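Below: one structure, written as structure tokens.
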Amino acid sequence: MFILDLIQKLYHNVEYVWPDPRTRHYPLVYTPSPFIIDAIFLLFTYYLGPKYMRGRQPYRLEKIVIIYNFLQMIFNGYLVVNVVRLCYWPLRYSLWCQPIETGTSPREVEITDLVWLYYASKIIDIMDTVFIIMRKKYSQLTLLHIYHHAGMIIIGWCGVKYVPGGQSLSIGVINCFVHVVMYGYYLLTLVDKRYTSSWWKKHITQMQMLQFFIIWVHHSISAVSDCGYPRIASSLIVPCTFSITYLFAIFYWNAYVQPERRKKEA
């Protein structure tokens with residue numbers, strides 16, 4: 001009975017006490033949607049997609065992928081510009097530790113709208129994986145790729161449901177800026193093959209690693225500082241970003257450092 005009572009209290013807190021009431025009306029927030037989406041994503045990635053493509057020629061999706069990359073670049077750029085406009089220029093938010101604003105002013109509502117759009121963008125991002133499978137570029141389906149996409153959906157959902165603002169915005173604005181550069185590069189490689197270079201890819205990977213290191217440091221500060229931002233949120237974000245940084249570091253070592261060493265030895 002004690003365990004059942006504990007589970008009931010935990011469920012009550014998770015669903016009714018801890019969530020931000022301002023985001024209750026947003027789609028795909030007060031449902032198990034992210035877990036269902038992740039389950040479908042993993043099922044498609046590991047089983048349904050490869051099974052469907054078995055015996056089929058890769059689809060030529062260049063035009064669709066060009067449009068997709070362009071729209072992703074614009075969408076992420078929109079999020080960056082508006083978060084910077086509302087929070088960082090002029091500097092309204094602390095770069096050290098920023099509590100969540102809980103009001104319902106037009107500006108605060110616009111911020112929560114942007115946080116939900118960021119969550120929606122993480123769901124849209126799994127189209128990357130769909131295109132990889134449909135084009136049979138299976139070498140790109142690394143643990144890093146799959147873990148990153150599945151994990152960011154959960155992080156985006158937690159952000160909009162529990163901490164829609166404050167210190168959380170650093171994750172979104174940095175990540176969206178990196179995605180503007182990344183999707184811009186993908187777009188260039190499809191339009192002009194001269195941009196297909198390991199030099200570009202290497203520095204984009206470095207930028208991705210740097211973003212997670214900055215987020216890791218930023219939330220390490222709020223995990224130990226009492227500024228009104230939930231410490232538990234930062235305490236969960238820190239190990240998540242560390243694990244993603246670790247996987248990126250392994251990928252970077254295998255993709256760029258080791259081949260460079262082999263070339264020098266040869």
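The values are calculated or read from the model by the stated rules, or taken from the named source; none is laboratory data. Computed from a predicted model, the values in this text were never measured in an experiment. Backbone-built Cβ (ideal geometry, glycine too); neighbour counts: all protein chains shown. Side chains are part of the model used for accessible areas, which takes the heavy atoms of the whole protein and leaves out ligands, DNA and RNA. Shrake-Rupley method; radii C 1.70, N 1.55, O 1.52, S 1.80 Å.
Brief remarks on what is shown
- Across the stretch 42-63, the number of residues qualifying as within 22 Å of the chain's Cα centre (by Cα) and surrounded by 12 or more Cβ atoms within 10 Å (Cβ to Cβ) comes to 4.
- Leading residue by the ranking (surrounded by the most Cβ atoms within 10 Å (Cβ to Cβ)) among those in the stretch 206-234 that are among the polar types (S, T, N, Q) and modelled with pLDDT of 90 or more: Ser222
- The stretch 101-111: number of residues that are assigned to a loop (DSSP other than H, G, I, E, B) and either open to solvent by 30 Å² or more (accessible area, probe 1.4 Å) or within 22 Å of Ala223 (Cβ to Cβ) (or both): 4
- Any hit, the stretch 78-100, residues being touching a Cys at 6+ places or on another chain (Cβ under 7 Å), open to solvent by 40 Å² or more (accessible area, probe 1.4 Å) and of a type in the set (A, V, I, L, M, F, W, C): no
- Check on Leu10, open to solvent by 70 Å² or more (accessible area, probe 1.4 Å), at pLDDT 95 or above and not polar (S, T, N, Q): no
- Unique match (being β-branched (Val, Ile, Thr) and farther than 19 Å from Gly228 by Cα) among Ile111, Ile154, Ile100, Ile171: Ile154
- When Tyr246, Tyr186 are checked against the criterion of being modelled with pLDDT of 85 or more, under 30 Å from Ile67 (Cβ atoms) and of a type in the set (Phe, Trp, Tyr), a single residue qualifies: Tyr186.
- Every condition in (1) under 23 Å from the mean Cα position of the chain (by Cα); (2) surrounded by 13 or more Cβ atoms within 10 Å (Cβ to Cβ) holds for Ala39 except the one numbered (2).
- Within the stretch 13-34, the set of residues being in contact (Cβ under 8 Å) with a residue 12 or more places away in the chain and either open to solvent by 90 Å² or more (accessible area, probe 1.4 Å) or part of a helix (DSSP H, G or I) (or both) comprises Glu15, Trp18, Arg22, Thr23, Ser33, Pro34.
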